[in-house]
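**Student:** Attaching a single structure in structure tokens format; questions to follow.
The values are calculated or read from the model by the stated rules, or taken from the named source; none is laboratory data. On a predicted model such as this, the values are computed, not experimentally measured, just so you know. Glycine gets a Cβ as well: all are built from the backbone with ideal geometry, and neighbour counts include every protein chain shown. Note: accessible area is taken over every heavy atom of the protein model, side chains too, but ligands, DNA and RNA are not part of it. Shrake-Rupley method; radii C 1.70, N 1.55, O 1.52, S 1.80 Å.
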Amino acid sequence: MTGASGWIWDPDTWQEWAIRLLRQHHGADNVVKVPDQDRGDLGIECFTRSGIVYQCYCPENPDLSPRALYDNHRDKITKDIGKFIKNKDELIRLFGSVKIRSWVLFTPRHESYKTVQHCSEKATQVRQAKLPYATSDFMVDAHELDDYKESAEILRRGPILPAPVGVPATVPKSTADGIDFGRVQGPLIAVMDEKLARIPRLHNPDKRATYRGHLLGSHLAGEGLLDRYMEAIPEVHQQVLDCIASVERGLLLAYGPGDLPHKVLGAVIEDVRTRVEQVVPGIARSNAESIALMAVTDWLQQCPLDFEEAG
């Protein structure tokens, strides 16, 4: 519903957006959604592994006065803090080892100091209940959309990144058996080695083996990153695969006889890396490069990427 205030939210769209925003803010892997379709809800929408519970709430009427908005917030906080205390057995099982330090009403806007006072009273009530899943300094608070401006802007520009994918991944130096990647042999490795040998700087077998090892290690790192995407944000996983496929389709016509092999290789790596960064805003540059090297390694071992001799 959109009112004179410009408020565009309704309860359902607010809940969906709020959880996406919180996953952006805390990292997708750190937010646990609590579905309510089966036998009702427990008075919370989600919680973080660091101990913050969120109840996402949007009144039906977007043009409530500050006092009426406070009344709505007060009643919602009272009702759901009651559930937070009453549903003790279920919440013990839900939170596991996580200790809750804060319960937050997350709403598009709140405009009354009385909401803050009511939060303080309810926090005291929870602390007095001595719940095994709440810390001794437990707090209740109300947050509004403006409190998350930076995360909201990032979310509008692109997808939510799982926390481990948003930081640089480690490129392994050896196989699971401890074998140096540069010493790995096989039919596909031989195909890649023959192509790399056409690059003047890699004529030396030792240098070529070192670079080949770098490619294979990055290939493994890139696969690991895509596995994380598949588990946490499958739509982004598919976008990355689509941009890799797009580069692959253009390889046959993009380069030909006379193009210097090292320049072709560098251009292809850069093309994939740039496209990955476009579909996954905020990804670490080294992670985008690992995905690009993963694709290039596959193509060097098979048909898509080759270096044609002039003639």
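**Student:** I'd like the full set of residues that are modelled with pLDDT under 80 and either part of a loop (DSSP other than H, G, I, E, B) or open to solvent by less than 30 Å² (accessible area, probe 1.4 Å) (or both), limited to the range 174-191.
**Tutor:** Result: T175, A176, D177, G178, I179.
**Student:** As an exercise: evaluate D298 against (1) touching a helix residue (DSSP H, G or I) at 6+ places or on another chain (Cβ under 6 Å); (2) under 16 Å from H214 (Cα atoms) and give the number of the one condition it does not meet.
**Tutor:** Evaluating D298 over (1) touching a helix residue (DSSP H, G or I) at 6+ places or on another chain (Cβ under 6 Å); (2) under 16 Å from H214 (Cα atoms) leaves (1) as the failure.
**Student:** Give me a count of the residues in the range 280-311 that are of a type in the set (V, I, T) and either assigned to a loop (DSSP other than H, G, I, E, B) or more than 17 Å from L220 (Cβ to Cβ) (or both).
**Tutor:** Start the filter on the range 280-311 by keeping residues that are of a type in the set (V, I, T), which leaves 280, 283, 291, 296-297.
Subsequent filtering for residues that are either assigned to a loop (DSSP other than H, G, I, E, B) or more than 17 Å from L220 (Cβ to Cβ) (or both) retains 280, 283.
Count: 2.
**Student:** Name the single residue, out of those in the range 135-149 being within 18 Å of I19 (Cβ to Cβ) and over 22 Å from the mean Cα position of the chain (by Cα), that is surrounded by the fewest Cβ atoms within 10 Å (Cβ to Cβ).
**Tutor:** Within the range 135-149, the match that is surrounded by the fewest Cβ atoms within 10 Å (Cβ to Cβ) is E144.
**Student:** If we keep just the residues of the range 302-311 that are farther than 23 Å from P172 by Cα and in contact (Cβ under 8 Å) with a residue 12 or more places away in the chain, which is most open to solvent (accessible area, probe 1.4 Å)?
**Tutor:** Residues of the range 302-311 farther than 23 Å from P172 by Cα: 303-311.
Subsequent filtering for residues that are in contact (Cβ under 8 Å) with a residue 12 or more places away in the chain retains 304-311.
Values: P304: 45, L305: 4, D306: 70, F307: 7, E308: 97, E309: 147, A310: 80, G311: 121 Å².
Looking at the filtered set, the residue picked out is E309.
**Student:** A further question on this structure: When only residues in the range 43-91 that are assigned to a helix (DSSP H, G or I) and basic (K, R) count, which is farthest from the chain's Cα centre (by Cα)?
**Tutor:** Ranking the candidates gives R67 first.
**Student:** I'd like the full set of residues that are buried (at least 21 other Cβ atoms within 10 Å of the Cβ) and over 19 Å from S136 (Cα atoms), limited to the range 34-56.
**Tutor:** Correct list: G43, I44, E45, C46, Q55, C56.
**Student:** Identify all residues within the range 280-301 that are open to solvent by 30 Å² or more (accessible area, probe 1.4 Å) and touching a His at 6+ places or on another chain (Cβ under 9 Å); write none if there are none.
**Tutor:** D298
**Student:** When you scan the range 104-124, do you find a residue that is of a type in the set (D, E), open to solvent by 40 Å² or more (accessible area, probe 1.4 Å) and without any contact (Cβ under 8 Å) to a residue 24 or more places away in the chain, even just one?
**Tutor:** For the range 104-124, residues of a type in the set (D, E), open to solvent by 40 Å² or more (accessible area, probe 1.4 Å) and without any contact (Cβ under 8 Å) to a residue 24 or more places away in the chain: present.
Listed here are the residues, each with its yes/no results for (1) under 28 Å from the mean Cα position of the chain (by Cα); (2) acidic (D, E).
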position: L196; (1), (2): no, no
position: L226; (1), (2): yes, no
position: Q239; (1), (2): yes, no
position: D242; (1), (2): yes, yes
position: L251; (1), (2): no, no
position: K263; (1), (2): no, no
position: V272; (1), (2): yes, no
position: G282; (1), (2): yes, no
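**Student:** Answer yes or no as to whether I269 is of a type in the set (A, V, I, L, M, F, W, C), without any contact (Cβ under 8 Å) to a residue 40 or more places away in the chain and more than 20 Å from A28 (Cα to Cα).
**Tutor:** Yes; evaluated as a whole, the condition is true for this residue.
**Student:** Let me ask something else about it. Would you pick out the residues in the range 243-279 that are open to solvent by 60 Å² or more (accessible area, probe 1.4 Å) and not in a helix (DSSP H, G or I)?
**Tutor:** Those that are open to solvent by 60 Å² or more (accessible area, probe 1.4 Å) and not in a helix (DSSP H, G or I): Y255, P257, D259, L260.
**Student:** If the Cβ limit is 7 Å and pairs must be 6+ apart or interchain, which residue in the range 230-246 that is without any contact (Cβ under 8 Å) to a residue 12 or more places away in the chain pairs with which residue that is open to solvent by less than 60 Å² (accessible area, probe 1.4 Å)?
**Tutor:** M230/H237; H237/L226; H237/Y229
**Student:** Provide a single number: the residues in the range 154-173 that are part of a helix (DSSP H, G or I) and modelled with pLDDT of 75 or more. Explain how you work it out, then say what you get.
**Tutor:** So in the range 154-173, the residues part of a helix (DSSP H, G or I) come out as 154-157, 163-166.
With the extra rule that they be modelled with pLDDT of 75 or more, the set shrinks to none.
Number of matching residues: 0.
**Student:** Let me ask something additional. Which of the numbered conditions does G96 fail, given that it passes all the others? Conditions: (1) open to solvent by less than 20 Å² (accessible area, probe 1.4 Å); (2) under 27 Å from the mean Cα position of the chain (by Cα).
**Tutor:** Against the list (1) open to solvent by less than 20 Å² (accessible area, probe 1.4 Å); (2) under 27 Å from the mean Cα position of the chain (by Cα), G96 comes up short only on (1).
**Student:** Would you check if there is a residue in the range 228-239 being in a loop (DSSP other than H, G, I, E, B), open to solvent by 20 Å² or more (accessible area, probe 1.4 Å) and out of contact with any Ser or Thr (no Cβ under 8 Å at 6 or more places or on another chain)?
**Tutor:** The answer is no, given that none of the residues of the range 228-239 is in a loop (DSSP other than H, G, I, E, B), open to solvent by 20 Å² or more (accessible area, probe 1.4 Å) and out of contact with any Ser or Thr (no Cβ under 8 Å at 6 or more places or on another chain).
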